[in-house]
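Below you'll find the structure, written out as structure tokens, and then a few comments.
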Amino acid sequence: MWKVVLKRVIVMIPQLFILSILVFLMAKAMPGDPFSGLAENPKISQEQIENIRRAKGFYDPWYQQYFNWLKDFVRGDFGLSYVSGKSVNTLIGERIFNTFNLSLLTAILTYSIAIPLGMLAGRYNNGKLDRAINLYNFVAISVPNFVLYLVMILVFGFQLGLFPTSGSVDINVNNGTFAYYLSKFHHLLLPAITMALLGTVGTIQYLRNEVIEAKQSDYVRTARSKGVPINKVYSGHIFRNSILPIAAFFGFTITGLFAGGIFVETIFGYPGMGELFISSINNRDYSVVTTLMLFSGFLTLVGSALSDIIMAIVDPRIKLD
């Protein structure tokens, strides 16, 4: 297993190098420059901005700028946000755990909903329960994400008042207390539930199809002919084999949630990495944008590696070359 992990890490190195070049060139192609945000500060003159550009090597050849940027990046220095005046490390550190908590809770809720529904839909396919689950899938895949986000905020946030509609914690609670963590969990629930309801579609459909196919397999017929109870056939035989395609996407699911909560964080006003990404684009905060883009690409590569490794763990018959 360690050989597999090592191989995946080695393969990721040139991929990350190519990704870093693409991210840097895309940032260079965007209008403005990393120092454009300084023009909005009345205390800084245009001449001072020009001096900063020269001091930071903005007029150097692009390849020299790239290697200087990459050298700092490898050392863990992600640059300075010229909009907020903080280092990018500090900005990300303030928000990364919010996004991690949201992603983790969303993943737990997603699989807690999708796996039972997928098993039930496959076990009772073409029945009333299956049709009801398919209707839920159809609605979830048809409704635009932002529409459901707004409806959930309107109904459960404003009309019923069950959940807060912005922020990650109440400002009136003290950090480190039980009330503080309870408040953070309360702020997490509504966006996590909303993302989970939309994220179950693929898992339900995959699992349903696998269960229907597994019911017709020889090993199921053999187990039934030996008198194995039907519930044990589903839990001990069908489920174990049907879950393999879900395991293949598990790595992508986790890292995708971590990097892709842009819309939900923006609409729910949740201060995470996605909301930071949107605000950085609007403010032309290039140091933050490039860091988050590279981080998102890195997570995608990690997700691919995790999926392969998880598949090898779940099914020992699979060998990764």
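Below is a table of values for the structure above.
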| read-out | value |
| --- | --- |
| Hydrodynamic radius by Kirkwood, which averages 1/r over all alpha carbon pairs of the chain, in angstrom | 22.8 |
| Among 226, 56, 184: highest mean-square fluctuation, GNM of the chain, C-alpha pairs under 10 Å | 226 |
| Accessible carbon and sulfur surface of the chain relative to its total accessible area, %, 1.4 Å | 65 |
| Simple Cβ-charge dipole of the range 133-253, Lys/Arg +1 and Asp/Glu -1, about Cα centre, in debye nearest 20 | 540 |
| Longest to shortest principal axis, alpha-carbon extents of the range 112-163, angstrom | 39, 21, 17 |
| Descending semi-axes in whole angstrom, ellipsoid equivalent of the range 128-276, from the Cα gyration tensor | 39, 18, 15 |
| Helix axis angle, 244-259 relative to the chain longest principal axis, alpha carbon, degrees | 20 |
| Highest-MSF residue in the chain out of 299, 109, 160 [GNM, Cα springs under 10 Å] | 160 |
| Stretch in the chain that is longest and holds no chymotrypsin sites (Phe, Trp or Tyr not before Pro) that DSSP places in a loop and that have at most 16 other beta carbons within 10 Å | 125-321 |
| Computed magnitude of the charge dipole of the range 12-143 (debye, nearest 20; Cβ of K, R +1, Cβ of D, E -1) | 380 |
| Cα-based Lys pair tally, the chain, threshold under 21 Å, eight or more apart or on separate chains | 12 |
| Solvent accessible area, Å² - residue 71, 1.4 Å probe, full protein context | 110 |
| Residue of 223, 196, 114 that the Gaussian network model of the chain assigns the largest fluctuation, springs spanning Cα pairs under 10 Å | 223 |
| Positive-end residue, the chain charge dipole about Cα centroid, Cβ charges, pick of 87, 52, 181 | 181 |
| Share of Cα-Cα pairs in the range 62-192 lying beyond 22 Å, as whole percent | 61 |
| Translational D in µm²/s for the range 168-250 (Stokes-Einstein at 4 °C, 1.567 mPa s, Kirkwood Rh from C-alpha pairs) | 81 |
| Degrees between helix 128-142 axis and first principal axis of the chain (Cα, 0 to 90, nearest 10) | 10 |
| Rounded if a/c under 1.5, otherwise prolate or oblate - the range 148-206, Cα gyration tensor axes | oblate |
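The values are calculated or read from the model by the stated rules, or taken from the named source; none is laboratory data. Quick caveat: nothing in here was measured; it's all calculated off a predicted structure. Backbone-built Cβ (ideal geometry, glycine too); neighbour counts: all protein chains shown. SASA here: full protein model, heavy atoms, side chains in, ligands and nucleic acids out. Shrake-Rupley method; radii C 1.70, N 1.55, O 1.52, S 1.80 Å.
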